[in-house]
Amino acid sequence: MGRFGSSSRRTSETEVEISIELDGEGRFEGNTGLKFLDHMLAQLAFHSLSDLKVSAKWDLAHHGVEDTAIALGKAIGEALGEREGINRFGHALVPMDESLVSVAVDLVRRAYVDVDLKLTGTRVEDVATEDVVHFLESMVMNVPAVAHIEVLRGLNDHHKVEAAFKALALALRQAWTLNPRYASGRSTKGRV
């Protein structure tokens with residue numbers, strides 16, 4: 001029995017369909033129209049061991065990135081359900097060549113995100129750098145969850161972003177992993 005979530009977002013600017021199986025095999029299927037975003041989504045699925053399907057059509061790239069992030073966050077939130085029995089917290093420290101990224105997440109139902117990628121260019125491949133940051137912010141806020149994503153060092157923007165997505169994937173996998181010792185929710189309040 002897997003944990004599955006889906007979300008669709010249809011506006012006058014975008015049509016986005018997303019589904020995710022948290023307890024998957026790390027497969028990504030789909031096309032956002034942006035090769036670098038697809039590459040990052042594939043990293044997220046692979047390293048979190050989730051199965052992710054994405055279909056996105058949009059008028060402007062910013063709208064497509066934003067609405068894909070919103071739909072992904074909502075799908076993850078749906079897949080988490082009541083969030084009972086999960087580890088709740090996750091963290092990862094991931095190197096990619098000269099880059100090193102730290103990510104810590106809390107799958108509590110509060111929304112807060114701090115993203116510091118230290119990007120220096122205006123684009124990473126075919127995605128605006130501001131849209132990369134906005135994707136991470138929008139995704140986390142719509143789970144909702146708490147995440148701190150920070151590049152500790154690095155020179156190459158592609159490496160910084162890819163390490164960030166890999167670290168986020170590992171932290172999420174750790175946080176949403178089921179733990180029978182937390183059957184009622186890992187919180188002193190009794191509910192995550």
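The values are calculated or read from the model by the stated rules, or taken from the named source; none is laboratory data. Here the structure is a predicted model, which is why all the values come from computation and not from measurement. All Cβ positions, glycine included, derive from the backbone under ideal geometry; neighbour counts span all protein chains shown.
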Subject >> Test for Glu82: is it under 20 Å from Trp176 (Cβ atoms), touching a residue at least 40 places away in the same chain (Cβ under 8 Å) and surrounded by fewer than 17 Cβ atoms within 10 Å (Cβ to Cβ) >> reply: yes
Original post:
Among the candidates Arg153, Arg123, Arg181, Arg110, which residue alone is touching a Pro at 6+ places or on another chain (Cβ under 7 Å), of a type in the set (Lys, Arg), free of Cβ contacts under 8 Å to residues at least 60 places away in the same chain and farther than 19 Å from Ile20 by Cα?
Top reply: Arg110
Original post:
When you scan the stretch 89-138, how many residues do you find that are farther than 13 Å from Ala164 by Cβ and in a loop (DSSP other than H, G, I, E, B)?
Top reply: 12
**OP:** State whether the residues of the stretch 38-52 include one that is buried (at least 18 other Cβ atoms within 10 Å of the Cβ), at pLDDT 95 or above, touching a helix residue (DSSP H, G or I) at 6+ places or on another chain (Cβ under 6 Å) and charged (D, E, K, R).
**Re:** no
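Of all the strands (runs of 3 or more DSSP E) wholly in the stretch 1-72, which have at least 2 residues that are touching a residue at least 60 places away in the same chain (Cβ under 8 Å)? Steps first, please.
Working: elements: 4-10, 14-21, 28-31, 51-58.
Fully inside the stretch 1-72 and qualifying: 4-10.
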**OP:** Look through Val133, Val113, Val103 and report the one residue that is among the hydrophobic types (A, V, I, L, M, F, W, C), surrounded by 21 or more Cβ atoms within 10 Å (Cβ to Cβ) and modelled with pLDDT of 95 or more.
**Re:** Val103
